[in-house]
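Q: Below you will find the structure I want to go over with you.
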Amino acid sequence: MNRWLSTGSFAWLVAAGCLLALAGSARAQVASPATEPTASATQAAQPAGEQLKLAGDAAWAVFQTLRDYVHAAQMTDDPQQRAKALADAQKRLGEEVSLRPGGDPESLSTYVSLWPAVVARYVDGFQRDRMKVIQAGQQVMVIIVAANPDDQKVHDQLLQELTKSLQDQGHTGEDLTTLRDVRLRRELAQQGIGYPVAATIVLNMRNVNGQWKATELDLRPPHGPTSQPGRRPSIRVRPGVGPANNPATQPAQ
């Protein structure tokens with residue numbers, strides 16, 4: 001099994017601080033994927049409610065394809081089924097992602113192949129009801145916060161045990177919180193789990209000939225896309241910034 005699919009792989013945290021943070025701290029309008037249409041669906045540059053819903057539907061399809069891709073890559077008992085499932089997921093991903101104008105069409109396959117590696121740890125934590133569609137200026141971003149379920153379970157148990165232990169030792173308030181945070185991070189690291197256990201995955205969406213497609217993927221710790229992005233590491237995968245040459249976004253061999 002490729003190391004990039006292992007639940008202990010956190011190479012992206014090592015080099016992510018060098019990468020570009022998600023651009024734009026513009027005032028954002030948050031809309032549910034179920035927002036009712038309020039304007040013509042032809043206004044792709046300034047999407048109305050129905051267009052935000054369509055962008056959200058398209059992004060959720062990408063998230064589902066990424067999950068299927070990772071699950072297919074984890075198949076070990078049936079090589080033929082694995083190859084078939086991988087080919088299907090790769091084909092769908094290629095149809096759901098678009099290069100920006102001027103991009104080299106031949107680079108699309110290589111570009112898209114990086115995405116499952118970046119989000120592999122979190123795909124089993126994708127939930128539609130935790131997805132937000134945001135309009136900021138002329139771009140549409142779809143944001144989902146996800147945690148590996150096993151990581152979250154370990155985190156919650158450690159948090160409870162450490163809290164009780166420190167309370168039994170007489171620690172309270174800020175003193176308890178500070179000590180607990182240090183020990184929590186250390187014990188999670190000893191189990192191969194990064195902190196925080198959740199991540200925010202951001203898809204930038206673009207209307208291409210009437211269909212919404214993803215053009216960029218950004219992985220970052222769980223905070224909003226407009227909240228001081230320079231203070232936290234992130235991985236942004238898009239054409240033109242050299243992801244193919246960046247070790248932080250490369251599947252381990």
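Q: Taking the condition of being aliphatic (A, V, I, L, M) and either open to solvent by 20 Å² or more (accessible area, probe 1.4 Å) or not in a helix (DSSP H, G or I) (or both), how many residues in the stretch 65-77 meet it?
A: 1
Q: Among the residues of the stretch 209-217, is any touching a residue at least 60 places away in the same chain (Cβ under 8 Å), in a helix (DSSP H, G or I) and within 13 Å of Ala59 (Cα to Cα)?
A: Within the stretch 209-217, not a single residue is touching a residue at least 60 places away in the same chain (Cβ under 8 Å), in a helix (DSSP H, G or I) and within 13 Å of Ala59 (Cα to Cα).
Q: Looking at the structure I just gave you, is Ala55 over 18 Å from Val145 (Cα atoms), among the aliphatic types (A, V, I, L, M) and modelled with pLDDT under 95?
A: Considered against the rule, which asks whether it is over 18 Å from Val145 (Cα atoms), among the aliphatic types (A, V, I, L, M) and modelled with pLDDT under 95, Ala55 comes out as no.
Q: Do you know which residues across the stretch 78-99 are modelled with pLDDT under 90 and outside any helix (DSSP H, G or I)?
A: Ser98, Leu99
Q: Also, quick follow-up: Would you pick out the residues in the stretch 126-146 that are under 22 Å from Ala73 (Cα atoms) and open to solvent by 10 Å² or more (accessible area, probe 1.4 Å)?
A: Scanning the stretch 126-146 gives Phe126, Gln127.
Q: If a residue counts only when it is in contact with a Phe, Trp or Tyr (Cβ under 9 Å, 6 or more places away or on another chain) and among the hydrophobic types (A, V, I, L, M, F, W, C), which helices (runs of 4 or more DSSP H) contained entirely in the stretch 100-208 have at least 2 such residues?
A: Counting at least 2 such residues, we get 108-119, 173-190.
The values are calculated or read from the model by the stated rules, or taken from the named source; none is laboratory data. Quantities reported herein were computed from a predicted structural model and do not represent experimental measurements. Note that each Cβ is placed from the backbone with ideal geometry, even for glycine, and that neighbours are counted across all protein chains shown. With ligands, DNA and RNA removed, areas are computed over all heavy atoms of the protein, side chains included. Shrake-Rupley method; radii C 1.70, N 1.55, O 1.52, S 1.80 Å.
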